[in-house]
Amino acid sequence: MGDERFERYLKSFEEDTPVSIRLNPKKMSETGGQRFEVIDGEPVAWCREGYYLKQRPNFTYDPLLHAGCYYVQEAASMFLDEVLRQMHNAYVSHQPLAIRPLTALDLCAAPGGKSTLLRSALPADCVLYSNEPIRNRASILLENVTKWGYENHIVTNCYPRDYRAAKMKFDLILCDVPCSGEGMFRKDEATIREWSPQNVEKCWQLQRDIVSDAWACLNEGGFLIYSTCTFNTKENEENIRWILEEFDDAKVMPVDIKPEWNITGSLLDGFDEPVYRFIPGISRGEGLFVCVLRKNGALAHPQRDYGSSPTRLRLVANEITARHDKAVTGIDLSYQEAMKFLRGETLTFSPNTPRGIVEVFFKGHPLGTMKNIGTRANNLYPKEWRIKTTHIPTEYEAILQEI
(Lines give C-alpha, C1' and ligand atoms only; values in the text may rest on other atoms or scores of the structure.)
Protein backbone atom coordinates (compact mmCIF):
# COMPACT_ATOMS: atom_id res chain seq x y z
CA MET A 1 0.00 0.00 0.00
CA GLY A 2 2.88 2.34 0.69
CA ASP A 3 3.54 4.00 4.04
CA GLU A 4 0.87 6.70 3.84
CA ARG A 5 -1.95 4.35 2.81
CA PHE A 6 -0.91 1.76 5.34
CA GLU A 7 -0.93 4.28 8.19
CA ARG A 8 -4.43 5.39 7.24
CA TYR A 9 -5.48 1.74 7.09
CA LEU A 10 -4.08 1.01 10.56
CA LYS A 11 -5.84 4.06 11.97
CA SER A 12 -9.17 2.70 10.71
CA PHE A 13 -8.98 -0.03 13.37
CA GLU A 14 -9.58 2.68 15.97
CA GLU A 15 -12.76 3.79 14.22
CA ASP A 16 -16.24 2.29 14.16
CA THR A 17 -16.93 0.13 11.12
CA PRO A 18 -19.68 1.52 8.85
CA VAL A 19 -23.09 -0.17 9.01
CA SER A 20 -25.05 -0.29 5.78
CA ILE A 21 -28.13 -1.88 4.24
CA ARG A 22 -29.47 -2.22 0.71
CA LEU A 23 -33.18 -1.87 0.00
CA ASN A 24 -35.08 -4.37 -2.15
CA PRO A 25 -36.55 -2.31 -5.02
CA LYS A 26 -39.13 -5.01 -5.79
CA LYS A 27 -40.50 -4.97 -2.25
CA MET A 28 -40.38 -1.18 -2.15
CA SER A 29 -42.54 -0.85 -5.27
CA GLU A 30 -45.04 -3.69 -4.94
CA THR A 31 -48.67 -2.71 -4.60
CA GLY A 32 -50.27 -3.87 -1.38
CA GLY A 33 -47.15 -3.66 0.76
CA GLN A 34 -46.18 -0.44 2.45
CA ARG A 35 -43.30 1.52 0.98
CA PHE A 36 -40.42 2.61 3.20
CA GLU A 37 -37.37 4.80 3.45
CA VAL A 38 -34.37 4.41 5.74
CA ILE A 39 -34.62 6.33 9.01
CA ASP A 40 -31.68 8.77 9.18
CA GLY A 41 -29.99 6.90 6.36
CA GLU A 42 -27.12 8.36 4.35
CA PRO A 43 -26.91 7.15 0.71
CA VAL A 44 -24.04 4.96 -0.40
CA ALA A 45 -22.67 6.94 -3.34
CA TRP A 46 -22.02 3.98 -5.65
CA CYS A 47 -25.28 2.06 -5.03
CA ARG A 48 -28.79 3.24 -5.85
CA GLU A 49 -30.45 1.34 -3.00
CA GLY A 50 -27.59 1.45 -0.46
CA TYR A 51 -27.67 3.42 2.80
CA TYR A 52 -25.36 3.88 5.77
CA LEU A 53 -26.97 3.72 9.22
CA LYS A 54 -25.89 5.89 12.13
CA GLN A 55 -25.52 2.86 14.38
CA ARG A 56 -25.89 -0.92 14.25
CA PRO A 57 -29.35 -2.07 15.38
CA ASN A 58 -30.20 -5.67 16.24
CA PHE A 59 -31.38 -6.69 12.78
CA THR A 60 -32.67 -10.04 14.03
CA TYR A 61 -35.63 -8.31 15.68
CA ASP A 62 -36.84 -6.56 12.52
CA PRO A 63 -39.51 -8.58 10.65
CA LEU A 64 -38.93 -6.47 7.54
CA LEU A 65 -35.44 -7.97 7.25
CA HIS A 66 -36.94 -11.46 7.31
CA ALA A 67 -39.54 -10.34 4.76
CA GLY A 68 -36.71 -9.44 2.36
CA CYS A 69 -37.35 -5.70 2.34
CA TYR A 70 -33.64 -5.03 2.74
CA TYR A 71 -30.31 -6.84 2.98
CA VAL A 72 -27.55 -6.05 5.47
CA GLN A 73 -24.50 -5.64 3.24
CA GLU A 74 -21.08 -4.07 3.60
CA ALA A 75 -20.98 -0.85 1.56
CA ALA A 76 -17.90 -1.57 -0.57
CA SER A 77 -19.54 -4.75 -1.88
CA MET A 78 -22.35 -2.60 -3.26
CA PHE A 79 -19.88 -1.20 -5.82
CA LEU A 80 -21.22 -3.96 -8.04
CA ASP A 81 -24.31 -1.80 -8.62
CA GLU A 82 -22.18 1.00 -10.08
CA VAL A 83 -20.36 -1.49 -12.29
CA LEU A 84 -23.63 -2.81 -13.71
CA ARG A 85 -25.03 0.67 -14.19
CA GLN A 86 -22.00 1.76 -16.20
CA MET A 87 -22.07 -1.39 -18.29
CA HIS A 88 -25.61 -0.34 -19.20
CA ASN A 89 -24.81 3.29 -19.92
CA ALA A 90 -21.70 2.55 -21.95
CA TYR A 91 -22.83 -0.36 -24.10
CA VAL A 92 -26.63 -0.44 -24.39
CA SER A 93 -26.89 1.90 -27.40
CA HIS A 94 -24.35 -0.10 -29.42
CA GLN A 95 -24.77 -3.64 -28.14
CA PRO A 96 -28.02 -4.04 -26.22
CA LEU A 97 -27.36 -7.55 -24.97
CA ALA A 98 -24.10 -6.51 -23.29
CA ILE A 99 -26.00 -5.27 -20.30
CA ARG A 100 -29.21 -7.25 -20.70
CA PRO A 101 -27.67 -10.70 -20.38
CA LEU A 102 -30.09 -13.51 -21.05
CA THR A 103 -28.29 -15.67 -18.51
CA ALA A 104 -26.06 -14.72 -15.57
CA LEU A 105 -24.10 -16.73 -13.03
CA ASP A 106 -22.83 -15.89 -9.56
CA LEU A 107 -20.34 -18.70 -9.19
CA CYS A 108 -19.39 -18.34 -5.48
CA ALA A 109 -22.56 -16.75 -4.17
CA ALA A 110 -23.12 -17.47 -0.46
CA PRO A 111 -24.43 -15.88 1.66
CA GLY A 112 -26.16 -13.97 -1.13
CA GLY A 113 -25.38 -10.25 -0.85
CA LYS A 114 -23.99 -9.83 -4.36
CA SER A 115 -26.52 -12.29 -5.81
CA THR A 116 -29.51 -10.36 -4.51
CA LEU A 117 -27.92 -7.16 -5.81
CA LEU A 118 -27.44 -8.78 -9.23
CA ARG A 119 -31.02 -10.01 -9.31
CA SER A 120 -32.32 -6.51 -8.50
CA ALA A 121 -30.15 -4.83 -11.14
CA LEU A 122 -30.57 -7.30 -13.99
CA PRO A 123 -33.59 -7.25 -16.34
CA ALA A 124 -36.61 -9.19 -15.11
CA ASP A 125 -36.41 -11.74 -17.94
CA CYS A 126 -32.77 -12.55 -17.24
CA VAL A 127 -32.18 -15.96 -15.66
CA LEU A 128 -29.71 -15.78 -12.77
CA TYR A 129 -28.00 -18.88 -11.39
CA SER A 130 -26.52 -18.45 -7.90
CA ASN A 131 -24.12 -21.22 -6.97
CA GLU A 132 -22.41 -22.26 -3.76
CA PRO A 133 -20.21 -25.41 -3.56
CA ILE A 134 -20.50 -25.88 0.22
CA ARG A 135 -23.85 -27.47 1.12
CA ASN A 136 -24.65 -25.65 4.39
CA ARG A 137 -23.68 -22.31 2.86
CA ALA A 138 -25.89 -23.11 -0.13
CA SER A 139 -28.82 -23.49 2.27
CA ILE A 140 -28.18 -20.00 3.64
CA LEU A 141 -27.95 -18.70 0.08
CA LEU A 142 -31.29 -20.31 -0.73
CA GLU A 143 -32.93 -18.65 2.27
CA ASN A 144 -31.72 -15.19 1.30
CA VAL A 145 -32.59 -15.65 -2.38
CA THR A 146 -36.07 -16.92 -1.52
CA LYS A 147 -36.77 -14.02 0.82
CA TRP A 148 -35.55 -11.55 -1.81
CA GLY A 149 -38.54 -12.72 -3.83
CA TYR A 150 -37.55 -12.51 -7.51
CA GLU A 151 -38.47 -14.94 -10.27
CA ASN A 152 -35.93 -16.45 -12.69
CA HIS A 153 -33.46 -17.04 -9.87
CA ILE A 154 -32.06 -20.55 -9.40
CA VAL A 155 -29.81 -21.75 -6.57
CA THR A 156 -27.35 -24.59 -7.18
CA ASN A 157 -24.88 -26.54 -5.06
CA CYS A 158 -22.04 -27.33 -7.48
CA TYR A 159 -18.35 -26.88 -8.10
CA PRO A 160 -17.31 -24.49 -10.89
CA ARG A 161 -16.09 -27.47 -12.91
CA ASP A 162 -19.66 -28.86 -12.87
CA TYR A 163 -20.87 -25.82 -14.78
CA ARG A 164 -18.05 -26.25 -17.27
CA ALA A 165 -18.89 -29.93 -17.70
CA ALA A 166 -22.57 -29.07 -18.25
CA LYS A 167 -21.48 -26.82 -21.16
CA MET A 168 -23.76 -24.03 -19.99
CA LYS A 169 -23.07 -20.54 -21.34
CA PHE A 170 -23.64 -17.17 -19.67
CA ASP A 171 -23.51 -13.54 -20.72
CA LEU A 172 -22.42 -12.33 -17.28
CA ILE A 173 -20.43 -14.24 -14.66
CA LEU A 174 -19.51 -12.93 -11.23
CA CYS A 175 -16.47 -14.61 -9.66
CA ASP A 176 -16.39 -13.34 -6.08
CA VAL A 177 -13.71 -15.91 -5.38
CA PRO A 178 -12.67 -17.41 -2.01
CA CYS A 179 -9.70 -15.43 -0.73
CA SER A 180 -7.39 -14.87 2.24
CA GLY A 181 -9.81 -12.26 3.64
CA GLU A 182 -7.38 -9.44 4.41
CA GLY A 183 -10.11 -6.90 3.66
CA MET A 184 -12.16 -8.21 6.58
CA PHE A 185 -9.43 -7.85 9.23
CA ARG A 186 -11.07 -4.77 10.74
CA LYS A 187 -14.54 -6.30 10.74
CA ASP A 188 -13.77 -9.88 11.81
CA GLU A 189 -10.83 -10.71 14.06
CA ALA A 190 -11.14 -14.41 13.19
CA THR A 191 -9.83 -13.68 9.70
CA ILE A 192 -6.62 -12.35 11.25
CA ARG A 193 -6.04 -15.61 13.14
CA GLU A 194 -6.80 -17.67 10.02
CA TRP A 195 -4.46 -15.72 7.73
CA SER A 196 -1.10 -17.14 6.67
CA PRO A 197 1.28 -16.83 3.69
CA GLN A 198 0.49 -20.46 2.93
CA ASN A 199 -3.21 -19.67 2.68
CA VAL A 200 -2.48 -16.82 0.26
CA GLU A 201 -0.57 -19.27 -1.95
CA LYS A 202 -3.44 -21.75 -1.79
CA CYS A 203 -6.01 -19.06 -2.59
CA TRP A 204 -4.44 -17.56 -5.72
CA GLN A 205 -4.09 -21.00 -7.27
CA LEU A 206 -7.70 -21.92 -6.45
CA GLN A 207 -8.85 -18.58 -7.86
CA ARG A 208 -7.19 -19.32 -11.20
CA ASP A 209 -8.89 -22.72 -11.36
CA ILE A 210 -12.27 -21.05 -10.76
CA VAL A 211 -11.66 -18.38 -13.39
CA SER A 212 -10.60 -21.03 -15.93
CA ASP A 213 -13.89 -22.85 -15.45
CA ALA A 214 -15.85 -19.58 -15.56
CA TRP A 215 -14.15 -18.34 -18.73
CA ALA A 216 -15.14 -21.57 -20.52
CA CYS A 217 -18.76 -20.81 -19.56
CA LEU A 218 -18.71 -17.20 -20.80
CA ASN A 219 -20.35 -16.25 -24.08
CA GLU A 220 -18.42 -14.28 -26.67
CA GLY A 221 -18.83 -10.61 -25.82
CA GLY A 222 -19.85 -11.50 -22.27
CA PHE A 223 -18.52 -9.99 -19.05
CA LEU A 224 -16.68 -11.55 -16.12
CA ILE A 225 -16.51 -9.57 -12.89
CA TYR A 226 -13.61 -10.71 -10.71
CA SER A 227 -13.64 -9.70 -7.06
CA THR A 228 -12.00 -10.54 -3.75
CA CYS A 229 -12.11 -9.13 -0.22
CA THR A 230 -8.33 -9.11 0.15
CA PHE A 231 -5.49 -6.65 -0.48
CA ASN A 232 -2.42 -8.53 -1.72
CA THR A 233 -1.50 -8.36 -5.41
CA LYS A 234 -1.03 -12.14 -5.75
CA GLU A 235 -4.76 -12.69 -5.44
CA ASN A 236 -5.64 -9.53 -7.35
CA GLU A 237 -3.49 -7.79 -9.97
CA GLU A 238 -1.28 -10.82 -10.57
CA ASN A 239 -4.35 -12.95 -11.21
CA ILE A 240 -5.72 -10.36 -13.64
CA ARG A 241 -2.40 -10.30 -15.45
CA TRP A 242 -2.51 -14.09 -15.61
CA ILE A 243 -6.02 -13.99 -17.11
CA LEU A 244 -4.85 -11.60 -19.83
CA GLU A 245 -1.87 -13.83 -20.62
CA GLU A 246 -3.84 -17.10 -20.43
CA PHE A 247 -6.83 -16.02 -22.52
CA ASP A 248 -6.08 -14.10 -25.71
CA ASP A 249 -9.71 -12.95 -25.92
CA ALA A 250 -9.73 -11.28 -22.48
CA LYS A 251 -9.86 -7.51 -22.16
CA VAL A 252 -10.08 -5.36 -19.00
CA MET A 253 -12.92 -2.83 -19.04
CA PRO A 254 -12.77 0.55 -17.24
CA VAL A 255 -15.28 1.82 -14.67
CA ASP A 256 -15.63 5.56 -14.13
CA ILE A 257 -15.23 6.53 -10.49
CA LYS A 258 -15.40 9.82 -8.61
CA PRO A 259 -12.37 11.17 -6.71
CA GLU A 260 -14.36 11.61 -3.50
CA TRP A 261 -14.95 7.85 -3.34
CA ASN A 262 -11.22 7.41 -2.63
CA ILE A 263 -10.94 4.16 -4.54
CA THR A 264 -7.38 2.93 -5.00
CA GLY A 265 -6.08 1.62 -8.35
CA SER A 266 -3.35 -0.89 -9.08
CA LEU A 267 -0.71 -1.52 -6.40
CA LEU A 268 1.44 -3.71 -8.65
CA ASP A 269 4.42 -1.99 -10.26
CA GLY A 270 4.18 -2.08 -14.04
CA PHE A 271 0.53 -3.12 -14.07
CA ASP A 272 -1.66 -0.22 -15.22
CA GLU A 273 -4.94 -1.92 -16.11
CA PRO A 274 -8.06 -0.36 -14.50
CA VAL A 275 -8.74 -2.16 -11.21
CA TYR A 276 -10.59 -0.88 -8.15
CA ARG A 277 -9.57 -1.42 -4.52
CA PHE A 278 -11.45 -0.29 -1.42
CA ILE A 279 -9.18 0.18 1.62
CA PRO A 280 -10.68 0.91 5.08
CA GLY A 281 -9.61 4.31 6.33
CA ILE A 282 -9.39 5.56 2.76
CA SER A 283 -12.69 4.52 1.19
CA ARG A 284 -15.85 4.18 3.27
CA GLY A 285 -16.23 0.45 3.58
CA GLU A 286 -14.27 -2.72 4.18
CA GLY A 287 -11.67 -4.21 1.85
CA LEU A 288 -12.65 -5.08 -1.73
CA PHE A 289 -10.93 -5.58 -5.09
CA VAL A 290 -12.86 -5.52 -8.38
CA CYS A 291 -11.90 -5.90 -12.02
CA VAL A 292 -14.24 -6.19 -15.01
CA LEU A 293 -13.18 -8.27 -18.01
CA ARG A 294 -14.86 -8.84 -21.33
CA LYS A 295 -14.56 -11.81 -23.66
CA ASN A 296 -13.91 -10.26 -27.06
CA GLY A 297 -16.14 -11.14 -29.95
CA ALA A 298 -19.70 -10.65 -31.09
CA LEU A 299 -22.37 -11.05 -28.46
CA ALA A 300 -24.32 -14.26 -28.50
CA HIS A 301 -27.67 -14.10 -30.28
CA PRO A 302 -30.57 -14.16 -27.78
CA GLN A 303 -31.95 -17.63 -27.39
CA ARG A 304 -33.37 -19.99 -24.81
CA ASP A 305 -30.79 -22.70 -25.41
CA TYR A 306 -28.71 -22.81 -22.25
CA GLY A 307 -26.50 -25.67 -23.41
CA SER A 308 -26.84 -28.89 -21.46
CA SER A 309 -29.89 -29.34 -19.33
CA PRO A 310 -29.73 -27.54 -15.96
CA THR A 311 -31.03 -30.76 -14.39
CA ARG A 312 -27.48 -32.07 -14.62
CA LEU A 313 -26.62 -29.56 -11.93
CA ARG A 314 -27.54 -30.05 -8.29
CA LEU A 315 -30.45 -27.74 -7.62
CA VAL A 316 -30.76 -26.97 -3.92
CA ALA A 317 -34.56 -26.77 -3.80
CA ASN A 318 -37.65 -25.60 -5.63
CA GLU A 319 -38.87 -23.23 -2.93
CA ILE A 320 -38.04 -20.21 -5.08
CA THR A 321 -41.06 -20.82 -7.30
CA ALA A 322 -43.29 -23.03 -5.13
CA ARG A 323 -43.05 -23.06 -1.31
CA HIS A 324 -46.49 -24.07 -0.08
CA ASP A 325 -50.08 -24.62 -1.17
CA LYS A 326 -51.97 -21.53 -2.22
CA ALA A 327 -53.12 -19.45 0.74
CA VAL A 328 -56.87 -19.03 1.26
CA THR A 329 -56.47 -15.71 3.06
CA GLY A 330 -53.89 -13.23 4.32
CA ILE A 331 -53.48 -11.72 7.79
CA ASP A 332 -51.32 -8.77 8.83
CA LEU A 333 -49.60 -9.46 12.15
CA SER A 334 -48.70 -7.14 14.98
CA TYR A 335 -45.03 -6.84 15.88
CA GLN A 336 -45.30 -9.30 18.77
CA GLU A 337 -47.22 -11.78 16.59
CA ALA A 338 -44.67 -11.43 13.81
CA MET A 339 -41.81 -12.22 16.18
CA LYS A 340 -43.66 -15.25 17.51
CA PHE A 341 -44.19 -16.44 13.96
CA LEU A 342 -40.48 -16.01 13.15
CA ARG A 343 -39.64 -18.09 16.22
CA GLY A 344 -41.85 -20.90 14.92
CA GLU A 345 -44.64 -20.58 17.49
CA THR A 346 -48.33 -21.26 16.89
CA LEU A 347 -50.82 -18.40 16.76
CA THR A 348 -54.56 -18.08 17.28
CA PHE A 349 -56.60 -16.21 14.70
CA SER A 350 -60.11 -14.80 14.79
CA PRO A 351 -62.86 -17.48 14.73
CA ASN A 352 -63.98 -16.02 11.40
CA THR A 353 -60.65 -16.84 9.75
CA PRO A 354 -61.08 -19.53 7.07
CA ARG A 355 -59.40 -22.83 7.75
CA GLY A 356 -56.47 -23.88 5.62
CA ILE A 357 -53.27 -22.17 4.48
CA VAL A 358 -52.99 -18.59 5.71
CA GLU A 359 -50.32 -16.19 4.49
CA VAL A 360 -49.08 -13.85 7.22
CA PHE A 361 -47.74 -10.33 6.66
CA PHE A 362 -45.97 -7.59 8.57
CA LYS A 363 -46.77 -4.07 7.40
CA GLY A 364 -48.10 -5.52 4.18
CA HIS A 365 -45.04 -7.66 3.34
CA PRO A 366 -45.28 -11.48 3.43
CA LEU A 367 -43.37 -13.39 6.08
CA GLY A 368 -44.58 -16.92 5.33
CA THR A 369 -47.52 -19.25 5.84
CA MET A 370 -49.45 -21.00 8.62
CA LYS A 371 -52.10 -23.71 8.60
CA ASN A 372 -55.22 -22.62 10.44
CA ILE A 373 -57.02 -25.62 11.98
CA GLY A 374 -59.51 -23.56 13.98
CA THR A 375 -58.28 -23.78 17.56
CA ARG A 376 -54.81 -22.70 16.50
CA ALA A 377 -52.65 -21.98 13.47
CA ASN A 378 -49.68 -24.28 12.98
CA ASN A 379 -46.44 -22.63 11.89
CA LEU A 380 -45.07 -23.57 8.44
CA TYR A 381 -42.04 -21.27 8.60
CA PRO A 382 -38.96 -23.40 7.73
CA LYS A 383 -37.27 -24.64 10.90
CA GLU A 384 -33.79 -23.69 9.72
CA TRP A 385 -34.91 -20.08 9.22
CA ARG A 386 -36.45 -19.59 12.65
CA ILE A 387 -35.11 -17.09 15.17
CA LYS A 388 -33.43 -18.98 18.01
CA THR A 389 -33.49 -16.25 20.65
CA THR A 390 -36.08 -16.49 23.42
CA HIS A 391 -36.11 -12.73 23.95
CA ILE A 392 -38.60 -10.56 22.09
CA PRO A 393 -38.40 -6.77 22.51
CA THR A 394 -41.56 -5.16 23.83
CA GLU A 395 -41.30 -2.32 21.32
CA TYR A 396 -40.51 -2.39 17.63
CA GLU A 397 -37.25 -0.57 16.84
CA ALA A 398 -37.93 0.47 13.26
CA ILE A 399 -35.09 0.77 10.75
CA LEU A 400 -37.40 1.78 7.91
CA GLN A 401 -40.25 4.27 8.06
CA GLU A 402 -43.34 4.43 5.87
CA ILE A 403 -43.52 6.94 3.04
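The values are calculated or read from the model by the stated rules, or taken from the named source; none is laboratory data. Just so it is clear, the model here is predicted, and its values are computed rather than measured. Reconstructed Cβ throughout: ideal geometry from the backbone, glycine too, with neighbour counts over all protein chains shown. Calculation scope for accessible area: heavy atoms of the full protein, side chains included, ligands and nucleic acids excluded. Shrake-Rupley method; radii C 1.70, N 1.55, O 1.52, S 1.80 Å.
Across GLN198, GLN336, GLN86, mean-square fluctuation computed from a Gaussian network of the chain (C-alpha pairs under 10 Å connected) peaks at GLN198. Note on ARG5 and ASP209: the extension gain reaches 70.3 nm, defined as 0.36 nm multiplied by sequence separation minus the Cα-Cα distance. Shown here for region 1-69: GluC sites (Glu not before Pro) in loop regions (DSSP other than H, G, I, E, B) with at most 10 other Cβ atoms within 10 Å, namely GLU15. Working from label points 7 Å from Cα in the Cα-to-Cβ sense, the ASP248 to ALA216 distance is 1.9 nm. Relative contact order of the chain: 18 percent, from C-alpha pairs under 8 Å at least 6 residues apart in sequence. Full extension of the chain between ASP16 and LYS383 gives 128.7 nm of extra length, using 0.36 nm per residue less the Cα-Cα distance.
Based on C-alpha pairs under 8 angstrom that are at least 6 apart in sequence, region 145-304 has a relative contact order of 26 percent. Normalised by residue count, the chain yields a Cα convex hull volume of 156 Å³ per residue. Rolling a 1.4 Å probe across the protein heavy atoms gives region 214-293 an accessible surface of 35 Å² per residue. When nucleic acids and ligands are ignored and a 1.4 Å probe is applied, VAL127 ends up with an accessible area of around 10 Å². Taken as Cα centroids, region 220-290 and region 55-85 sit 24 Å apart, rounded to the nearest whole angstrom. Here, P(r) means the percent of Cα pairs in each 5 Å bin from 0 to the largest distance; for region 116-250 it is 2, 9, 17, 19, 21, 17, 11, 4, 0. For region 359-403, the residues whose amide N sits under 20 Å from a probe point set 7 Å from the Cα of ARG35 along the beta carbon direction are 362-366, 399-403. Considering only ASN58, ASN144, ASN262, the Gaussian network model of the chain with Cα springs below 10 Å gives its largest mean-square fluctuation to ASN58.
This model, with +1 at the C-beta of Lys and Arg and -1 at the C-beta of Asp and Glu, gives region 56-198 a dipole about its Cα centre of some 260 debye.
Which whole-number percentage describes the relative contact order of region 169-226, with Cα contacts under 8 Å and a sequence gap of 6 or more? Averaging sequence separation for qualifying contacts and normalising by length gives 62 percent for region 169-226. The label point for LYS167 and the one for ASN199, both projected 7 Å from the Cα toward the Cβ, are 4.0 nm apart. Each peptide in 103-111, 77-85 receives the mean, over its residues, of other Cβ atoms within 10 Å, and ordering these scores from highest gives 103-111, 77-85.
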